[in-house]
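Novice: This is the structure I want to talk about, given as structure tokens.
No value in this document is a laboratory result; all are computed from the given coordinates. Not measured: the values here are computed from a predicted model. Reconstructed Cβ throughout: ideal geometry from the backbone, glycine too, with neighbour counts over all protein chains shown.
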Ligand code: AMP
């Protein structure tokens, strides 16, 4: 089945056309600056190896979708002859609240529930709704399926998702841990289960999705037991610009000291903290790695090393605590931009973990860099298998969409 996977942001729209029978991506691209001056599309025809970037006015997501269809069916850059060759559309949706524990066919009733999730992720949800409406307008009648980042985490028990705040906050406002990156955790944990070669119910895996945004999950028996992100994607480990877990009392303290509003401190914790906050110069782990490689002569060396050491320390803590709640550990998986490419960080995290049964293979670890291959980076003697598994959220979205559409 040809599935068009759509990831709609407020002013952008990423897409991939995936054949779910062969798992081949035939085209992909991004529309940017939707609703603004200078909107453009960057489109790649993967099979022919063609690439184009062109200015194209797009006043809204419906315009963007019409342009995507135009490129997909173009005689030179296209890969299908007409829209009928697309069987369905699969949308990435960031927040499904407690309403959605799996992927679902878009209906009026589903859209009403999605509207209720707006409060949890206002910018993302509005963008998704625009993307869905854009598809309805550009491809009327085409089935649309919603795949939620929060869904995989819905298996957590109350002790993992309830915060020790007045209980009415949960009841009245839905304040609880939801977790994010669920589609990625689901994909890499399923791949890891296949590699472990034992019944899925017996597996105990920690999945580390470490990118610009990062989250870590404890996946026991194929189900999430706990995850590091919380009510919002701000919780958990240090990220590119997000602070991760901090003592919550710091928030009113700094607001008082600096005369900040809630919106301002929220902005600082989301956009000016993490790697950027510590180093003062960059949110990109590559810049930090470069400064560390230069050594103390680089003015950013110390802070970069500190920022990376903080992340290492926190990932270790999560792995240890998740091994404790699962009563064991079979495997640790690294994925996403940093997890798939940062050799040093992986080595730092996995060193001095022999007590837990983790023994890293330094040479194998070096090979897991800018590759789409699954790579084992632990020694054969390691009781815990450690793997780098490149994530593929789009494939999960396409497969879920195809499975739901097959039942119609
Ligand atoms: P993501 O959010 O998954 O795209 O990850 C972004 C982070 O991954 C950034 O901090 C990048 O520095 C890092 N990253 C992405 N690609 C590479 C690469 N090829 N080599 C090293 N780091 C990378």
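Novice: Express in whole angstrom the spacing between the alpha-carbon centres of region 303-319 and region 245-290.
Specialist: That distance is 16 Å.
Novice: At what distance in nm do the modelled label points of residue 256 and residue 48 sit from each other, each positioned 7 Å from its Cα along Cα→Cβ?
Specialist: 6.6 nm
Novice: Right, another one. Which angle between 0 and 90 degrees, to the nearest 10, do you get for helix 262-271 versus the longest principal axis of the chain when only C-alpha atoms count?
Specialist: The angle comes out at about 90 degrees.
Novice: Oh, and also: Pairs of Cα atoms under 8 Å, at least six residues apart: use those to get the relative contact order of the chain, whole percent.
Specialist: 14 percent
Novice: May I ask for the distance between the Cα centers of region 364-408 and region 111-167, given as a whole number of Å?
Specialist: 24 Å
Novice: Could you sort the peptides 194-200, 126-132 by per-residue average Cβ neighbour count (10 Å cutoff), highest mean leading?
Specialist: 126-132, 194-200
Novice: Is region 196-305 rounded, prolate or oblate when judged by the Cα gyration tensor, a ≥ b ≥ c being the square roots of its eigenvalues, rounded requiring a/c under 1.5 and prolate requiring a/b larger than b/c? Numbers along the way, then the final one.
Specialist: Working: a/c = 3.44, a/b = 1.35, b/c = 2.54.
Oblate shape, in that a/c is at least 1.5 and b/c is the bigger or equal ratio.
Novice: Using the count of nearby Cβ atoms within 10 Å as a rough guide to exposure, how do 36, 348, 269, 255 rank from fewest to most?
Specialist: Starting with the residue having the fewest Cβ neighbours, the order is 36, 255, 348, 269.
Novice: Using only helices, what value at 222 nm comes out for the chain when you add -39,500 (n - 2.57) per DSSP H run of length 4 or more and divide by the total residues, to the nearest 500 deg cm²/dmol?
Specialist: Counting only the DSSP helices, I get -11500 deg cm²/dmol.
Novice: Further question on the same structure: Would you list 169, 322 from fewest to most Cβ contacts within 10 Å?
Specialist: 169, 322
Novice: Most exposed first by the Cβ proxy, i.e. fewest other Cβ within 10 Å, how do 47, 219 rank? Show your work: numbers first, answer last.
Specialist: Values: 47 11, 219 30.
Least crowded to most crowded, the residues run 47, 219.
Novice: Using DSSP, restrict attention to beta bridges with both residues in the chain and report what percent are antiparallel, rounded to the nearest 5.
Specialist: Working: 42 of 60 bridges.
Just about 70 percent of them are antiparallel.
Novice: Among 160, 293, 218, determine the one that fluctuates most according to a GNM of the chain built with springs between C-alpha atoms less than 10 Å apart.
Specialist: Highest fluctuation of the listed residues: 293.
Novice: Starting from the Cα of residue 351, step 7 Å along the direction of its Cβ; do the same at residue 85; then give the gap between the two resulting points in nm.
Specialist: Once both label points are built, they end up 5.2 nm from each other.
Novice: Right, something else. So what's the Cα pair-distance distribution over the chain, bin width 10 Å, in %?
Specialist: That works out to 5, 20, 30, 28, 15, 3, 0, in percent per bin.
Novice: Rounded, prolate or oblate: which fits region 1-131, taking a ≥ b ≥ c as square roots of the Cα gyration tensor eigenvalues, rounded meaning a/c under 1.5, else prolate when a/b beats b/c?
Specialist: Verdict is oblate for region 1-131.
Novice: Between residue 223 and residue 142, what is the FRET efficiency for a Förster distance of 30 Å, r being their Cβ-Cβ separation, to the nearest 0.05?
Specialist: Values: r = 32 Å, r/R0 = 1.08.
Approximately 0.40, to the nearest 0.05.
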